[in-house]
Amino acid sequence: MAVYRDDRAQYYPGNDWSDVSSRNSGVSLRFRFSNGGNYSSTPASLQVCSTTPVVQTGNTYKTSISGYVNSTLSDDRFFVTLDVTYTNPNNYFMIDYIVRSPRTLSATGQTVHMYLDHDAMILGCDASTGYMSSNSTGQFVGDYRPVNCGNCPNANLDNIGKYKNPSSHGFKTNGSFRSYYTGAYNARNGINGTLELSNTYNSTSFIDDGIAVEFTAGPFTQPNQTLIRSVAHCYGNDKTEFDNLVINVPAAPAASTPVTLDFTSAEFSEIEGEHTVQNVKITVSGGILASDQVCSFTMSGGTAAENTDYTYVRGFTIPAGNYTTPQEFVLNNITIKDNSVCNDNKWTNLTIEPPSTCNDMLMLGTQSSAKITIKDDELRPEITTFLQDTVYNTGEVVSSLSLTSDIADATITWTNSNPAIGLAASGTGAIPSFTATNTSADPITAIITVTASKECTGTSRTFIITVNSKLNITYDYNGGVAPATANPTEFFVAELPMNIMNAPTRTGYTFAGWTCPALSATTPQNPFIIPTGTAQHITLVADWGSGANVYDIIFNVPVGNISNPNSDRTYTYEDNVRIYDPSIPGYTFKGWTIENDSVSSPPIDPKTNVSWNPHTVYGNLTFSVTAPSPTDTTCWSPNKYTITYDYDGGVAPAIPNPYTYDALTPTIHLNAPTRNGYTFKGWTITNSDSDDIAVALLSFTQVIPTGTHGNLLCKANWEENRYNISYVLNGASHPQTPTSYLFTDWTMIEDPTLAGYTFKGWTIENDSASSLVITPTTNVTFGPGTVFGNLTFTVPAPPEDGGGNDNWEQITYTITYNLNGGTHGEVHPDTYEVTDNVSISIPTKSGYTFERWEIESDSTSSPLPTSGNPTTTFGPSNGIYGNLTFTAIWTTDAYTITYNPGAADASFTNTTNPGAYNIEDTPITLTDMGAKRNGYSFTEWSITSSEAGVTIPNGMTIPAGTHGNLTSTAQWIINQYNITFSVPDCVNNPNSNRSYTYDDDVTIANPTAPGYTFTGWTIVNDSVSSPAI
């Protein structure tokens, strides 16, 4: 660290002094390592990665130097940053020595020892004495030279008059240095086994002095741990100048987490001219930095030259902060230079150096390098007109084209590489209108170049003009006729490819397509495509294929029961053709529906037993037949058939069934016959038409489907009935059996039950109106041949508001109370019914609190009411029934007894009376509790209760049955006291014996005796506790 003062080096580590202003020797920095009792004397050096730009704020200047030092005790690399601060005009500058352990620490407990040293040849004189001071502001170690030190001992070096007196130099830190040295310069770096300097300083003689101090950071107990030591580098005049310089103790930051660095873009641009870059940015993302971190950059390659086009320092400071939300920073370590000539834009590469070497808190992202373009700032006009390649046909008028640039007064010129297109070879300003020309058989092109210029010439831009010629198309119809819509007869090359879409015609032939001998197109094409690049006249020849047309005959017959003796086939205009009729059982064929895709062919008639001779019909034919239906008899006529019925002991239905039908008759749903005691199961249908039968046998059905044919016999099928019994109970209880019965069964139905009701009878429904009615409706029994039909036994619910109905009679239940000495509450019903909402108030009993009801029921299946307070309630929703007994359960009440002495000057001397009781404790005998009151006597207690209506006589007893919280107040009577005088006869006593009370005012007159003065009474009081008189 070199410092200049009065255009001279402030200190110099060599043996002599050079009077040269560029002298740059200074303080050296060394490192050593220890771990516990293991000390390594091997020195290590700081490997500097980068410095940061000097930042000025007012009179204060700051910069950083960052790098690393490798431990001599382990494989660990410790990262070091020196934050340098100088404020003008101070005679010192501060350096924060910031040391951080790596994110992966292989050995904990390591301590970094840092040594600063130099030869104290101060401003031209090599003689000084050591000086050290320590106080609350820190420790200073250095040397000084007073005003009267004499000539410089090294006068032979021609330094006389060049040195400065007084002068001082040294180092100061917060706390103290671990070790230090001032003395002969050549011994300043001597250390002992624990890496300490000799802890001496020469304060008595002027010698060729050297200075060294040692301070430490550590021990490092965990990865990513940062420790800081602040050291002032002092260079002043007076010996005690820095004694009271305060050195702050910087706080060690918390651990950081790594962040990722990316350029915000792969390319940046800056206009030349002296300035710090404004557009080059990085993004910092990922972790949290508890302290500033320095990132290193390199600039290299490209056409831009360092110091000519740009300058830079390698370091950029990333401030402490939370980067979990990415942040962007403009780099302040790059300066763009200026020049004044027309140059091309310059560029160079900017790269983030791999951080793992110099700072393992920083990681490279995906964009770790970028290109910086330095744009020339001289005016270079650029063409702004949109220029595009264009194609014209010969003879076409081309409009003029205005040309513009980004500089309004720039000069614009243009050149034409091929004036044969009808445009001049060059010009200035707009390109004028012209007529496109091409006298050749092929397209011709011209390259138009447009250039703008002012101070410098801008970039030229070009576009192409193409001019096409016109070519002929000739048609050979080869015996055919031209199409109704004509095809094109000429084309331009630029129009290609072109489709020839319209086909010629020829009777009896199909057009296969065009061929073109000139294009070697021998395979017919329809449409014919004139390919791109064709640049000659062409002839297209019609091709009619290999011979007469072959036509299809297609038979469109629905899948099903239609028999078609024909199959799909082909024919020509030269053939004899025969078509056979189809058939369906139950129908007579009426004729084909015939379609021909050739509208000019003669129609075919008749439509049955079809045939035709050669040269009569042509075209693709479709012979269709539809399936017969009630709405479609186009092709078929249905045959008529009979239906005969056998009821097998039953009776014909009330609505007769049909006796005739045909194949188109809609599905016949046969009506069922009836037979007592039986259920009709369907018809067995046989078909008498054994040769022409659609359905030979249909068993147990009631439907004759559409399409059936033949004479039919329908025979009825029967099954003996089993009837269902169902129950609608509406909350009543019943086993719900039996669930069915036969007409021949004996059947019994038991009665239902319902809590709170007596059953009166069923409501019975029968879906057979002709069945006998069931009576009676309780204990129901019916036998064979009497009842039939599905039965529903219903018992309606009784009314919700009480009472009964035709099916139920309501029961009234009793409620009995056992109050155990209590008194009924306001509401206490003696009976209830299951539809009642019942409320029962709690009873009362003096001295007791009602606890609950104990409730019993004579119905073991009924739930019990829940005891409530102040009211027990139950109702229909609780499902309670039966006679109930309510027994009251009581809890004695606890009361307090408070004792009042009855006067402010009264008190009690004991607590023998109870402070609490309940009614079962009474009667209670009270004591006076040692009550006392000056001048009074206790007589009895006055007792009052908090309960209304409770009266207690005065006395010493709380009577039986007393309840409520009591207040006992002491009662008093005032005492009478005697005053007696004992006076000799010779004494005149104006007083006489008398009595008094504690509340009286008493005056005793003095006695008299001749020749004597009264000096006072002798007073005796039988109350030892009374105050003396």
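Restricting region 448-495 to GluC sites (Glu not before Pro) that sit in a DSSP loop and have at most 15 other Cβ atoms within 10 Å of their own Cβ leaves Glu455. Relative to the current alpha-carbon distance between Ala894 and Thr404, full extension at 0.36 nm per residue lengthens the span by 165.3 nm.
Under the simplified labelling scheme, the Thr200-Val1002 pair shows an inter-label distance of 10.3 nm, with each label point 7 Å from Cα along Cα→Cβ. With a simple spin-label model that places each label point 7 Å from the Cα along the Cα-to-Cβ direction, the separation between Thr72 and Tyr573 comes to 11.6 nm.
Net charge dipole, the chain: roughly 2740 debye, given to the nearest 20, about the Cα centre with Cβ charges of +1 for Lys and Arg and -1 for Asp and Glu. Multiplying the residue separation of Thr831 and Asn499 by 0.36 nm and subtracting their alpha-carbon distance yields 108.6 nm. The residue among Ile919, Asn818, Gly949 whose Cα reaches farthest toward the positive pole of the charge dipole of the chain, with charges on the beta-carbon of Lys, Arg, Asp and Glu, is Ile919. Among Lys590/Lys640; Lys62/Lys375; Lys337/Lys375; Lys172/Lys239; Lys375/Lys454, which pairs are too far apart, with a Cα-Cα distance over 22 Å? In this structure, Lys62/Lys375 lie more than 22 Å apart at Cα. Between Ser740 and Tyr659, the C-beta separation translates, for a Förster distance of 51 Å, into a calculated FRET efficiency of about 0.85.
Each label was represented as a point 7 Å from its Cα along the Cα-to-Cβ direction; for Thr532 and Asn910 these points are 13.2 nm apart. Computed over the Cα atoms of the chain, pair by distinct pair, the Kirkwood hydrodynamic radius stands at 50.1 angstrom. For region 409-421, the Karplus equation 6.51 cos²θ - 1.76 cosθ + 1.60, evaluated at θ = phi - 60°, returns couplings of 9, 6, 8, 10, 10, 9, 10, 10, 6, 8, x, 4, 6 Hz by residue, with Gly and Pro reported as x.
If you take all other residues with their beta carbon under 14 Å from the beta carbon of Leu966, and give Lys and Arg +1 and Asp and Glu -1, the sum is -3.
Grab the Cα-Cα distance for Ser356 and Asn779, subtract it from 0.36 nm times how many residues apart they are, and report the gain in nm with one decimal.
Taking 0.36 nm per residue and subtracting the Cα distance, the gain is 142.0 nm.
For region 957-1029, applying the loop criterion from DSSP together with a ceiling of 15 other beta carbons within 10 Å to the chymotrypsin sites (Phe, Trp or Tyr not before Pro) yields Phe981, Tyr998, Phe1014, Trp1017.
Read-outs: derived from the displayed coordinates by stated rules, not from any lab. Here the structure is a predicted model, which is why all the values come from computation and not from measurement. Glycine also receives a Cβ, built like all others from the backbone with ideal geometry; neighbour counts cover every protein chain displayed.
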